[in-house]
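Structure, as structure tokens:
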Amino acid sequence: MKSCPNCSYPNPDNLTSCFRCQTPLDQGQVPAAGAPAPAVLLLIPPSVSRRLPAMVRNELTKLSAQKQEEFLEEYERKAKSIGWAYALWFLGLHYAYLRDWGMLLLYWLTCGGLFLWAMADLMRIPHLVTDHNKDLATDVLRDLKALSA
């Protein structure tokens, strides 16, 4: 681990600038000509990283530490919770929570598929929320890349 000369934040050895303040860590060292640039670690916590699609994890390793932090903040702000989806299932609002308005309308018009659809959804909620959050991760990454371009 390298300590930042500016803020003393501990950084992984392969970073060239501080994760927190972006101060260069190797100020006195000049990389050899033709040497490959060091890879950036995935700085997203493993508890979040496991829930991301592989494509998103791979693309995040190509981003700077600051961009990864921005991704994490936006993703955690928008990600949905399985617990809240179950709580809203009781009122028939779980599709609204997941912003699937067409399914919500169909769900209400059929009275939850005469309650059969409602019972099936009771078992499907973790899968619905996981799929929503994976799509969300892709959208957040795409928006972050579009803003930085």
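Numerical summary
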item: Under 30 Å from the Cα of K78 - lysines, other chains or at least 8 residues apart; result: K62, K67, K134, K145
item: Mean Cβ neighbour count within 10 Å, used as a protection proxy, ranking 44-57, 88-101 highest first; result: 88-101, 44-57
item: Computed over the stretch 32-149: relative contact order in percent, which uses C-alpha pairs under 8 Å that are six or more apart; result: 31
item: Normalised convex hull volume, the stretch 64-148, alpha-carbon set, Å³ per residue; result: 83
item: Ellipticity estimate at 222 nm from DSSP helix runs (n ≥ 4, -39,500 (n - 2.57)) divided over the chain, nearest 500; result: -17000 deg cm²/dmol
item: Helix axis angle, 116-148 relative to the chain longest principal axis, alpha carbon, degrees; result: 30
item: The stretch 69-121-the stretch 47-66 distance, computed between alpha-carbon centres (Å); result: 25
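The numbers here are math on the coordinates, done by the rules we state, and not lab data. These figures come from a predicted structure and were not determined experimentally. Here Cβ is always computed from backbone atoms with ideal geometry, including for glycine, and neighbour counts include all displayed protein chains.
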